[in-house]
1. Taking strands (runs of 3 or more DSSP E) that fall entirely within region 1-105, which contain at least 3 residues that are under 28 Å from Ala124 (Cβ atoms)?
2. Which residue is surrounded by the fewest Cβ atoms within 10 Å (Cβ to Cβ), if the candidates are limited to region 72-93 and must be closer than 25 Å to Ala19 by Cα and among the small types (Gly, Ala, Ser)?
3. Tell me whether region 44-59 contains one or more residues that are under 18 Å from Asn116 (Cα atoms) and either in the same structural domain as Ile4 (by TED's automatic domain parsing) or of a type in the set (Lys, Arg) (or both).
4. Scanning region 46-71 for residues that are among the aliphatic types (A, V, I, L, M) and surrounded by fewer than 19 Cβ atoms within 10 Å (Cβ to Cβ), which turns out nearest to Arg30 (Cα to Cα)?
5. Determine whether region 107-130 contains at least one residue that is crowded, with 16+ Cβ neighbours inside 10 Å, of a type in the set (Gly, Ala, Ser) and at pLDDT below 95.
6. Answer yes or no as to whether Ala96 is buried (at least 19 other Cβ atoms within 10 Å of the Cβ) and over 22 Å from Leu32 (Cβ atoms).
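The values are calculated or read from the model by the stated rules, or taken from the named source; none is laboratory data. Computed from a prediction, not measured in an experiment: that's the story for all the values here. Glycine gets a Cβ as well: all are built from the backbone with ideal geometry, and neighbour counts include every protein chain shown.
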Amino acid sequence: MRRIACYHCHHEFDIGAQAKTGSCPKCSKRLLLEDVVVKALEAVRKIQTCGKVIVQKKGRVIAQLVEAKGGVFVEAGGVLEANVVSGGLVKIASKAVWKGDCRAPSVAIEDGCVINGGYFEVPALPAPAALVEAKPD
């Protein structure tokens, strides 16, 4: 079993480790659970998955929204033109092209990539309880 969150209503629940699709027990909407690998042009309204979105060397995504709970990876030579909401790491490799906004818990941007506009937001994480409770001597 593994724990996932619905990208429609954000309800968290457990599902089989090998499941590739499923539906949310709260909102009953269909969910894609596996990674989406883009090897060529993918022009769609949105891509949503509980896994990762991986844009490979000759891949190109043109979409209004890309939502991936597992993270987004744009490899060298890949192009992503979309507003991105990620539940994991967003990595933009050297020689990759990015156009659009990004909201993710962490972002890794390599030297040599091209970022055309866009607003990047990495929300602040709450301080660990041990640091908050620790008092200086």
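1. Answer list for region 1-105: 2-5, 46-49, 52-55, 60-68, 71-74, 79-86, 89-92.
2. Gly88
3. no
4. Leu65
5. No, because not a single residue in region 107-130 is crowded, with 16+ Cβ neighbours inside 10 Å, of a type in the set (Gly, Ala, Ser) and at pLDDT below 95.
6. yes
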